[in-house]
Amino acid sequence: MFESRYRAMDGTWYNARFNLGFVGNALIGKEWKVGAETKNKVLMTGVRYSMMGGQWRTPIDLEASRAAGTTKEHDAPMSVKGNPIGKLDAVLAYRVGRKKVSHEFKADVQNALNTQTPVYNYYNGRRDRLESVNQLAILPVMQYTLRF
């Protein structure tokens, strides 16, 4: 739990964009030794669920945006709180250890459920409407790590 605010030059306090209020993670994982006992080979898997409060934003003035042809914000900065953001990450890794070096191959899938929570709004002049941008889509990451 936390609060992030800023004070404008006129002395008024406002929410910062990332005044999420809370951030929480739940993790679970497992490791298995594979191969002969004399070999240092490990298969690992895990998941992490992350949940955080929504970001603050300044509301968009639709009529002023239409007149200007671009996004125009209301006078109340950071006064609208967005929806909470949640995502599930999954990882599968294989590590081989030697006397002076280890190798790790890892497949990591960020936002594995492809959760789509709006995190940003803007005025689209071509379509004459307000539109949203969602959080990052599913993101697979392949990684090799050499430790010596």
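Observations
A quick yes/no check of all residues on (1) touching a strand residue (DSSP E or B) at 6+ places or on another chain (Cβ under 7 Å); (2) loosely packed, with under 15 Cβ neighbours inside 10 Å; (3) polar (S, T, N, Q):
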site	(1), (2), (3)
G46	yes, no, no
P59	yes, no, no
K81	yes, no, no
A93	yes, no, no
G97	yes, yes, no
S102	yes, no, yes
F105	yes, yes, no
R126	no, yes, no
V141	yes, yes, no
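- Sub-6 Å Cβ pairs linking a first residue in segment 127-148 that is within 17 Å of R57 (Cβ to Cβ) to a second residue that is part of a loop (DSSP other than H, G, I, E, B), at least 6 apart or interchain, are N134/Q116; Q135/T117, ordered by first then second residue.
- Yes/no for G97 being more than 19 Å from Q143 (Cβ to Cβ) and in contact (Cβ under 8 Å) with a residue 24 or more places away in the chain: no
- Selection count where residues are exposed (fewer than 10 other Cβ atoms within 10 Å of the Cβ) and either closer than 14 Å to R98 by Cα or within 20 Å of the chain's Cα centre (by Cα) (or both), scope segment 22-41: 4
- Condition met for T58 (without any contact (Cβ under 8 Å) to a residue 24 or more places away in the chain, out of contact with any helix residue (DSSP H, G or I) (no Cβ under 8 Å at 6 or more places or on another chain) and among the hydroxyl-bearing types (S, T, Y)): yes
Only the coordinates and a few stated rules stand behind these numbers; no lab work does. Predicted model only: the values in this text are computed from it and were never measured. Neighbour counts run over all protein chains shown; Cβ positions are idealised from the backbone, glycine included.
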